[in-house]
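Here the structure is laid out as structure tokens; the discussion comes afterwards.
The values are calculated or read from the model by the stated rules, or taken from the named source; none is laboratory data. None of the values given here were measured: they were computed from a predicted structure. Cβ atoms come from the backbone with ideal geometry, glycine included; neighbour counts cover every protein chain shown.
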Amino acid sequence: MKAVFFSAEWKLNDSVNFSLLGKAIQYFFISALTEELIFRGILLYILTDKTGIQKAALISAAAFGIYHWFSYGMFGNEIIPMLYIFLITSLAGYVWGIAFVKSKTILLPLVLHFGWNLISSLVQKSQPYGEIIFHQVSKAALSDLNKLFASLFMGIFPSILMYIALYLMFRKKKVL
């Protein structure tokens with residue numbers, strides 16, 4: 001099975017390791033649960049009473065973005081990759097914060113977070129589990145500008161789609 005996505009060719013792994021897939025599912029569930037409990041279940045919940053929903057969502061999202069500098073081992077590295085990680089993880093954290101506030105439960109942001117992490121791991125070299133089902137066999141050379149657009153698209157577009165889905169789910173209630 002081959003697919004071309006952003007000038008890259010992907011192939012189904014010949015030896016999909018279902019034991020490894022099970023470990024990845026467990027790992028990503030536990031990490032998403034832990035992060036959701038900390039950043040939405042505790043931080044966002046407490047800040048909402050003190051600052052209001054909008055400010056609380058922004059502060060929680062920013063804290064989530066900063067946390068990922070450390071969890072990805074990026075703190076102190078070059079500023080552009082750090083800004084990129086902050087942007088994409090903060091945006092996702094903000095959207096998951098909206099999911100928490102609108103659904104009044106941790107389950108919706110947990111499912112969104114877990115799903116995003118797991119799906120990403122199936123094709124990306126994310127650690128500790130990556131390219132579980134598909135692996136990249138070739139990649140066309142892209143200009144720096146095209147690399148920038150592709151990276152921004154892959155990092156931001158999922159959050160935009162989740163925001164639209166939340167808007168449609170909760171359109172009777174104002175989304176932040």
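Structure data summary
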{"quantity": "Condition check for ALA92: touching a His at 6+ places or on another chain (Cβ under 9 Å), in a helix (DSSP H, G or I) and either modelled with pLDDT under 90 or not charged (D, E, K, R) (or both)", "calculated": "yes"}
{"quantity": "Options LEU58, LEU47, LEU37: the member that is in a helix (DSSP H, G or I) and either over 12 Å from TRP96 (Cα atoms) or touching a Cys at 6+ places or on another chain (Cβ under 7 Å) (or both)", "calculated": "LEU47"}
{"quantity": "ALA32 being in contact with a helix residue (DSSP H, G or I) (Cβ under 8 Å, 6 or more places away or on another chain) and either acidic (Asp, Glu) or closer than 30 Å to ASN146 by Cβ (or both)", "calculated": "no"}
{"quantity": "Test for TYR67: is it in a helix (DSSP H, G or I), under 26 Å from SER151 (Cα atoms), modelled with pLDDT under 95 and out of contact with any Gly (no Cβ under 7 Å at 6 or more places or on another chain)", "calculated": "no"}
{"quantity": "Set ALA32, ALA8: member being surrounded by 13 or more Cβ atoms within 10 Å (Cβ to Cβ), touching a Lys or Arg at 6+ places or on another chain (Cβ under 7 Å) and either within 21 Å of LEU108 (Cβ to Cβ) or not basic (Lys, Arg) (or both)", "calculated": "ALA8"}
{"quantity": "All positions within the stretch 25-64 that are hydroxyl-bearing (Ser, Thr, Tyr) and either within 17 Å of the chain's Cα centre (by Cα) or modelled with pLDDT under 95 (or both)", "calculated": "TYR27, SER31, THR34, SER60"}
{"quantity": "Considering residues of the stretch 74-121 that are polar (S, T, N, Q) and either within 14 Å of GLY41 (Cβ to Cβ) or touching a residue at least 40 places away in the same chain (Cβ under 8 Å) (or both) only, the residue surrounded by the fewest Cβ atoms within 10 Å (Cβ to Cβ)", "calculated": "THR105"}
